[in-house]
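So the structure is just underneath, and the comments pick up after that.
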Amino acid sequence: MNKEIVICTHGKFGEELVHSAEMIVGPMKNIKVFSLLPAVDPFTYRSQVEQYISSKPETGFLCMTDLYGGTPSNVLASLIPLGNIHVITGLNLAMLIEVYSQLDYKEIKDLADCALKILKLSGYNVNEELTKMMKKKEG
């Protein structure tokens, strides 16, 4: 089965996130970004996303969005009955890079699990981490 990443976000967050990831991993393929801009109504946005996913019934999609409960997330949730998508919220740069690096090697469900794992592991309170390191160094 072919696999793709679909990114649905508010504003151009998704587009810029892909540009940032490309600074690290180089040009990315098999990624489609749908930006919800102020001039686009939710029905048109949903139609665009649905048309794209429906046009590729033999493709499995890992769909990632910025905010649970926001329009991009709700649009993707409404498309889950299509059967070939998994939807993950909380998109960040670490998640995108890791999932992209595994795209050719893991099934969509496993990529979704990977995305959630990276989401949980990619956030730190840097002040606390530095304090721990300093205490370790002193002791």
Filter result for L116 (more than 17 Å from I31 (Cβ to Cβ), modelled with pLDDT under 95, touching a helix residue (DSSP H, G or I) at 6+ places or on another chain (Cβ under 9 Å) and of a type in the set (A, V, I, L, M, F, W, C)): no
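Select the helices (runs of 4 or more DSSP H) contained entirely in the stretch 22-110, then report the ones holding at least 2 residues which are more than 19 Å from H10 (Cβ to Cβ) and within 13 Å of the chain's Cα centre (by Cα). Let's see the steps before the verdict.
On the way: elements: 42-54, 71-78, 93-102.
It comes to 93-102.
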From the options F61, F43, residue that is touching a helix residue (DSSP H, G or I) at 6+ places or on another chain (Cβ under 9 Å) and aromatic (F, W, Y): F61
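If only one of M1, M23, M28 is over 14 Å from V87 (Cα atoms), of a type outside the set (G, A, S) and modelled with pLDDT under 95, which one is it? Reasoning before the result, please.
Working: M23 fails: modelled with pLDDT under 95; M28 fails: modelled with pLDDT under 95.
Exactly one residue qualifies, and that residue is M1.
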Residues in the stretch 1-60 that are at positive phi and surrounded by 11 or more Cβ atoms within 10 Å (Cβ to Cβ) total 2
Mind listing whichever residues of the stretch 1-28 are small (G, A, S) and touching a Leu at 6+ places or on another chain (Cβ under 9 Å)? G11, G14, S20, A21
Looking only at the stretch 64-108, count every residue that is out of contact with any helix residue (DSSP H, G or I) (no Cβ under 9 Å at 6 or more places or on another chain) and under 16 Å from L121 (Cβ atoms) and tell me the total. 0
Within the stretch 1-45, restricting attention to residues that are touching a Gly at 6+ places or on another chain (Cβ under 6 Å) and of a type in the set (A, V, I, L, M), which residue is farthest from M95 (Cα to Cα)? M1
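The values are calculated or read from the model by the stated rules, or taken from the named source; none is laboratory data. For clarity, every value in this text was computed on a predicted model and none was experimentally measured. Note that each Cβ is placed from the backbone with ideal geometry, even for glycine, and that neighbours are counted across all protein chains shown.
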